[in-house]
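We did not get these values from a lab; they are worked out from the coordinates using the rules stated. Bear in mind the structure is a predicted one, so any value in this text is a computation, not a measurement. With ideal geometry, Cβ positions are generated from the backbone for all residues, glycine too; neighbour counts draw on all protein chains shown.
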Amino acid sequence: MTTTNDLTQHSPELRAAARHIGRRRFLTLTGAAAALAFSVQLPAPVAASAAARGARRIAENPFTLGVASGDPLPDSVVLWTRLAPVPFQADGGMTAEPVAVRWEVAHDEAFTQVAASGETVAHPEYHHSVHVDVPGLEAGRVYHYRFRTGTWISETGRTRTAPAASATTPLTFAAVSCQAYADGYYTAYRHLAQDDVDVVLHLGDYLYEYAVNSVGGYRNYTDRTLPAVFNRETVTLEDYRLRYALFKSDPDLRAAHAAHPFVVTWDDHETENNYAGDTPENSVPPAEFLLRRASAYRAYWENQPLRLPQRPTGPDMRLYRRLHWGRMAQLDVLDTRQYRSNQAYGDGAQVPGPEIDDPARTITGATQERWLLDGWRSSTALWNVVPQQVTFSQRRFDPTEPSRVSMDAWDGYRASRRRVLDGAKAAGVENLMVLTGDVHVGYAFDIKDDFDDATSATLGTEIVATSIASGRDGTDRPANWDTYMKANPHLRFYNGRRGYARVALGERLARADFRTVPYVTTPGAPVTTAASFVTQVGGQGLTPA
Ligand code: FE
Ligand code: CA
């Protein structure tokens, strides 16, 4: 067994990681798991014969976790799968050898008109995950894709490319977040798989680190027993990898991935509740937490349709990125977790003090903030969409002054929000739409220049997608509904059911539909639209549709 000490001598990347988290502390975190979480080089090239041999050895269907696609560009989309014949086993039922995987992209579901195909290698170092950055596709088209290895063939996924840079094609997307497996069924995904959207934006809490018991919590299984390995909080790389296998064992999640390309960003629970940068939730030393973060980030990349630039380096991963939908929309996907200052006054609901206005504190980090504002300045898009994690608009919990606000959301980083809104104004961003997860309810907000002054300018809109499952069945009108609506005049809608938000962006207006299901603790709920809003191009905020 190699010690971490040996590895730091041999790997410049590991030396860099050790510097990052403090060398002395790092050297105490010995072991193969630590080394693996920090290893950053792609495995060495594999002989085709060896990879083909690996493929022939797979004796059971390895495509148990489904297929996915993501981050559509005008000429490319990234395809994902992972080989795991025995998904609830740590090695997925695979031996530690490379495996050849063929992929095909076609114009039709029967694959009679193949548009692109090739072969890649699923490496054991990346848990036999497959990420194919398909080149040379046509803009604005639907494609079908599948994988093969040995005698096995995957299900067929459906995806699409973004329109050409000059196109004014409308964009319809769904925004989703927060899928605590133990809180209920992913019925909303079943409906979303059948909905007519171009792309799904996942706004975080794809995974939860909390223990899942043998009956799947509130799913209350009577027909199966989940392994004990899930009944503890995720900490190690193996824990996180296995937890993705559990969440992806849900057929409704797999159906949504197979039906639409996803653009994903994370929030806290893919790593740990309410962490902030290198500060964990509890009093664990930052160095130890960064090792956990490295494991969580690595498992995230392995299990999502993300490209190589998103592949983590130890505890660092460049997840914020920019996508375009012709001239209709620019999507600035944010990461408000990795670079944020620690929460002021604790993680919860607090009457804030002066720290929230301290310009030295940040929720985006300085580099990402500059990138966002520069991106807005050069934007030629009609709609400037910001898929991100936590509530952007002011959300007062009390009707009285002073009111508590969330220290974990943008309310706890008011100087950051001021800089971003001033940057949007300076850039002349007219049609700003912020998309948010995290809070397990649906909200529609007008984003005010000054949230304490109802007569101040409306600078954009914020649509808060409710959760897929987190929070269990929920209710249309939570107990604090009256208080919140009174305390926040810019809050136009508040609903406490599970579901997703569907948004259609067009040349004249955007329409947002809040799609909800009445229950998730038993399967099979129908979906309805709880409310719809429109916002006009160049207009001032949301109006009921
Ligand atoms: Fe959540
Ligand atoms: Ca969260």
### Message
Between 0 and 90 degrees, rounded to the nearest ten: what's the tilt of helix 237-247 against the longest Cα principal axis of the chain?
### Response
70
### Task
Convert each backbone phi in segment 447-464 into a coupling constant with the Karplus relation 6.51 cos²θ - 1.76 cosθ + 1.60 (shift: θ = phi - 60°), then list the ³J(HN,Hα) values in order as whole Hz, x for Gly and Pro.
7, 9, 4, 10, 5, 8, 10, 4, 8, 6, 4, 8, 9, x, 10, 10, 10, 9
#### Entry: Sorted by Cβ neighbour density within 10 Å, fewest at the top, the residues Leu203, Leu509
Leu509, Leu203
### Message
Check which residues have an amide H placed less than 5 Å from Ala116's amide H, if you skip close sequence neighbours.
### Response
Val105
## Note on the structure
In whole percents, the bins of 10 Å from zero upward hold the Cα-Cα pairs of segment 88-187 as 12, 31, 31, 22, 3
### Task
Rounded, prolate or oblate: pick one for segment 398-517, where a ≥ b ≥ c are the square roots of the eigenvalues of its C-alpha gyration tensor, a/c under 1.5 means rounded, and failing that, prolate if a/b is larger than b/c, else oblate.
oblate
### Message
Could you work out the pair-distance distribution P(r) of segment 263-350 from its alpha-carbon pairs, with 5 angstrom bin width and percents rounded to whole numbers?
### Response
3, 13, 23, 23, 16, 11, 7, 3, 1, 0
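Sequence gap at least 6, Cα distance under 8 Å: using those rules, report the relative contact order of segment 428-534 to the nearest whole percent.
With pairs under 8 Å counted, the relative contact order is 24 percent.
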### Charge dipole magnitude, Cβ of K and R +1, D and E -1 - the chain, Cα centre, debye nearest 20
680
### Query
So which lysines can Lys448 reach, going by Cα to Cα under 19 Å and dropping same-chain residues fewer than 8 places off?
Lys425, Lys486
### Query
Longest exposed-loop-site-free stretch of the chain, with GluC sites (Glu not before Pro), DSSP loop and at most 16 other Cβ within 10 Å?
282-429
### Query
Which residues' amide hydrogens lie under 5 Å from the amide hydrogen of Val77, considering only partners 5 or more residues apart or on another chain, with H built in the peptide plane?
Val134
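Sorting Phe111, Phe262, Phe247 on the 10 Å Cβ count, fewest up front, what's the list?
Working: Phe111 16, Phe262 24, Phe247 19.
Listing Phe111, Phe262, Phe247 from fewest to most nearby Cβ atoms yields Phe111, Phe247, Phe262.
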### Message
Projecting each Cα onto the charge dipole of the chain (Lys/Arg +1, Asp/Glu -1 at the beta carbon, about the Cα centre), which of Gly216, Leu246, Leu36 comes out farthest on the positive side?
### Response
Leu36
### Task
Please give the helix 12-21 orientation as an angle from the longest Cα principal axis of the chain, in degrees from 0 to 90, rounded to the nearest 10.
40
### Task
Provide the per-residue ³J(HN,Hα) series for segment 91-97, in order, calculated from phi with Karplus coefficients 6.51, -1.76, 1.60 and θ = phi - 60°, each as a whole number of Hz, with x at glycine and proline positions.
8, x, x, 9, 7, 7, 9
#### Entry: Per-residue HN-Hα couplings for segment 297-308 [Karplus 6.51, -1.76, 1.60; θ = phi - 60°; Hz; x = Gly/Pro]
5, 5, 5, 4, 4, 4, 9, 10, x, 10, 7, 4
### Length-normalised contact order for the chain - Cα pairs under 8 Å, 6+ apart - percent
14
#### Entry: Two-decimal ratio, segment 321-428, of alpha-carbon radius of gyration to 2.2 N^0.38 Å
1.13
## Note on the structure
From DSSP H assignment alone, runs of 4+ in the chain each adding -39500 (n - 2.57), the sum over residues rounded to the nearest 500 puts [θ] at 222 nm at -6000 deg cm²/dmol
### Task
Based solely on C-alpha atoms, express the radius of gyration and the Dmax of segment 132-258 in angstrom.
17.5, 54
#### Entry: Space enclosed by the convex hull of the alpha-carbon atoms of the chain, per residue, Å³
146
